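Encoded as structure tokens, the structure appears first; notes follow it.
The values are calculated or read from the model by the stated rules, or taken from the named source; none is laboratory data. This is a predicted model, so every value here is computed, not measured. With ideal geometry, Cβ positions are generated from the backbone for all residues, glycine too; neighbour counts draw on all protein chains shown. All accessible areas refer to the heavy atoms of the entire protein, side chains included, with ligands and DNA or RNA removed. Shrake-Rupley method; radii C 1.70, N 1.55, O 1.52, S 1.80 Å.
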Amino acid sequence: MKADTNFSEGCGIPAEARKTLTQIETDRAAYKRKLIISFIILAIAMIMVLIALKLDFKFMKNQLPFIFAGIGYTLLVSFMAISLACFLAIVGALGRLSKNPVFNSIASSYVSLIRGTPLLVQVYMWYLALPQIGKALEGYGFTGIQAFFTLPALTAGILALGVCYGAYMTETVRAGIQSIDPGQTEAANALGMTRSQTMKRIIFPQALRVIIPPVSNEFIAMVKDSSLVSLMGVWELSYRAIKMGRRHFQSLEMLITVALIYWMMCIMLQYFQEKLETHMARGDRSIR
Amino acid sequence: MMENDSPMVKITNIHKVFFPDMHVLCGIDLEVKKGETVAILGASGSGKSTLLRCINFLEEPTAGKVVVDGITIEAGEKDKLRNGRIRDIRKRTGMCFQAFNLFPHMTVLENIIEGPVTVLHQKKEAATAYAEQLLQWIGLSEKRDEHPSRLSGGQQQRVAIARSLAMKPKVMLFDEPTSALDPELVGEVVEVMERLAKEGMTIIAVTHELHFARDVADRILIMDNGNWVEQGPPEKIFNNPEQERTRQFLAHIL
Ligand SMILES: Nc1ncnc2c1ncn2[C@@H]1O[C@H](COP(=O)(O)OP(=O)(O)OP(=O)(O)O)[C@@H](O)[C@H]1O
Ligand SMILES: [Mg+2]
């Protein structure tokens, strides 16, 4: 072995290598600098466009509290719908992977039907069409069921969003579970674990790490789609913005305001996603 | 007399046919006495892994009977309690895989206490105390709180052995435990297996590791195309094989 390749002695980095290293470092710093400058220029350009549009910033500021009062509904709908979607996604994924024909076919049909129809149609189904089903059922002797099938707008919205995103997330969770090495299940089985113990202790925790990015994506999409409940007259963010914009003939100002509020919420979600991802990765990223 | 000891593992006329017509095991019998160490050798694809996996029902035999520590399961029975009996066999049977299959989201210690705590419902403190003894026994006490991906292959396989031993099994199954390892790491794993054999564990190992087969195993079985070709003590198999097929196979690995 030549002396200069002997690592155990600490071989000493030769001058040319040092030069390359410095070059790499300066290139990296320059890239970072340029990236930040690009972002700043973009932001300035956006603000200039807003100014050039002669937006009524004072009006925006005055209306902000009114619009912002809708954030409670937006957060409520999003939170409830996300919880429902998570629950349905786990049950749905287990169904899609189940060897029980009834459970499996129900889960598969759910995913197919919900993914195959527009969310807008589904929202109206829950809100406007369900009472009619109740009425038909009353005709078959289920008295009093129509009232039960006539949902308040908020409930209809939460159900529509939760059921819809639950179907998309079912596929995400299923793919996450299937991405785990079958050797993990075998090792758990060999220890004598039951199927549910294996799922809970071995498969889910590993699948969770895989599905955080796509699921966060779906959460972010859902927060924005919560605006669909405005169609049913729930006074959430976008409903208020559209209403005020129309009344004062300043829709542009109101829409930009509400768009920025959504954007901020999504930026926060993205921040949590990144935090969660680094937390889950704690030094045990599989290197196999 | 040895005949009076009921064997720890007894499998009778095991067939395995992978759907639709891949006949991998053709009526295999095997008896392993308590405390015996047997090594199974054979060419790739001859059915060694499948046989081992039929013992703890990771693979469902197509026909035949398996008895482990007095628990009997027959292929194809329809019995409500069968899954429970399969789990009973698995609790008494440790298995080590070629790819280690440690749980990557758990630390070394968590890996080892997972079975005792989740399956045997032991108290965490008790399981931890025993796990620490095992870690000392495999010489990895200082890796207690590491995640498996930070360990070398040899260390991972030793942890996998400790994970199995934490269940206090009656039999250990090894499926080529060293064939995924760099040559310099094989020794540390074989050394642990050897100590295990010396301490009286019943071991069924599929391995081509020569030192283990020749010096540790009490008996060697040669498999080919889902049948036994020959079996006997290592001296006889290595020095004086009866079958031509055994000679050919040994010429390959020696
Ligand atoms: N799940 C399966 N489905 C179909 N065929 C299979 C399956 N598992 C194994 N086989 C086949 O069964 C045969 C025996 O496989 P097995 O893994 O038991 O061999 P082996 O003796 O362990 O070989 P190796 O030394 O390569 O591990 C092989 O031909 C393999 O292709
Ligand atoms: Mg094999």
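Orientation-averaged projection of the protein assembly as shown equals 39.3 nm² [convex hull of Cα atoms, one quarter of hull surface area]. For B:T37, the amide hydrogen comes within under 5 Å of the amide hydrogens of B:I203, B:D218, B:R219, counting only partners 5 or more places away or on other chains and with H modelled in the peptide plane.
Against the criterion of solvent-accessible heavy-atom surface with a 1.4 angstrom probe, B:K123, B:K48, B:K78 sort, most first, into B:K78, B:K123, B:K48. Chains A and B together bury roughly 2200 Å² of accessible area, counting both sides, with a 1.4 Å probe on protein heavy atoms only. The overall shape of chain A, judged from the alpha-carbon gyration tensor, is oblate: a/c is not under 1.5, and a/b is no greater than b/c. Both radii were evaluated on the Cα set of region A:138-223; the Rg over Rh quotient, with Rh as the Kirkwood radius, amounts to 1.22. Note that region B:46-59 has calculated 3J(HN,Hα) couplings of 7, x, 5, 5, 4, 4, 4, 6, 6, 5, 10, 6, 5, 10 Hz, one per residue in order, obtained from phi through the Karplus relation 6.51 cos²θ - 1.76 cosθ + 1.60 (θ = phi - 60°); glycine and proline are x.
Taking all protein chains together and rolling a 1.4 Å probe, A:R209 ends up with roughly 50 Å² accessible. Rounded to the nearest 20 debye, the dipole size of region A:71-234 about its Cα centre is 240 debye, using +1 on the Cβ of Lys and Arg and -1 on the Cβ of Asp and Glu. The ellipsoid that matches the Cα gyration tensor of region A:71-234 has semi-axes, each √(5λ) in whole angstrom, of 34, 20, 12, with the longest given first.
The alpha carbons of region A:18-158 stretch over 83, 52, 23 Å along the principal axes, in descending order. Once backbone amide H atoms are built at 1.01 Å from N, B:F57 has no partners under 5 Å, excluding neighbours fewer than 5 places away on the same chain. Each 5 Å bin from 0 upward holds the following percent of the Cα-Cα pairs of chain B: 1, 6, 13, 17, 18, 17, 13, 9, 4, 1, 0, 0. The Rg/Rh ratio of region A:50-91, with Rg taken over Cα atoms and Rh as the Kirkwood radius over Cα pairs, comes to 1.34.
Solvent-accessible surface, computed for protein heavy atoms with a probe of 1.4 Å, shrinks by 30 Å² or more for the following residues of region B:89-118 when the other protein chains are added to the isolated chain: B:R90, B:F97, B:N101, B:F103, B:P104, B:H105, B:E114, B:T118. Amide H contacts for B:M95 (H built 1.01 Å from N in the peptide plane; partners 5 or more residues away or on another chain; cut-off under 5 Å): B:L173. Note on chain B: helix-only mean residue ellipticity at 222 nm, from DSSP H runs of 4+ residues weighted -39500 (n - 2.57) and normalised by residue number, equals -10000 deg cm²/dmol. The share of Cα pairs per 5 Å bin across region A:4-52, counted from zero up to the longest distance, runs 4, 18, 11, 12, 11, 9, 9, 6, 6, 5, 4, 3, 2, 0 percent. Computed from backbone phi with θ = phi - 60° and the Karplus coefficients 6.51, -1.76 and 1.60, the 3J(HN,Hα) list for region A:168-178 is 5, 6, 3, 5, 4, 5, 4, 4, x, 5, 6 Hz; x is used for glycine and proline. Note on region B:1-149: Cα Rg divided by 2.2 N^0.38 Å, N the number of residues, gives 1.22. Applying the Karplus relation 6.51 cos²θ - 1.76 cosθ + 1.60 with θ = phi - 60° to region B:203-209 yields 3J(HN,Hα) values of 10, 10, 10, 8, 7, 10, 6 Hz, where x marks Gly and Pro.
Taking max minus min of the alpha-carbon positions on each principal axis, region A:168-288 gives extents of 69, 31, 16 Å, largest first. The residues A:Y124, A:Y262, A:Y140, sorted by heavy-atom accessible surface at 1.4 Å with ligands and nucleic acids left out, run A:Y140, A:Y124, A:Y262 from largest to smallest.
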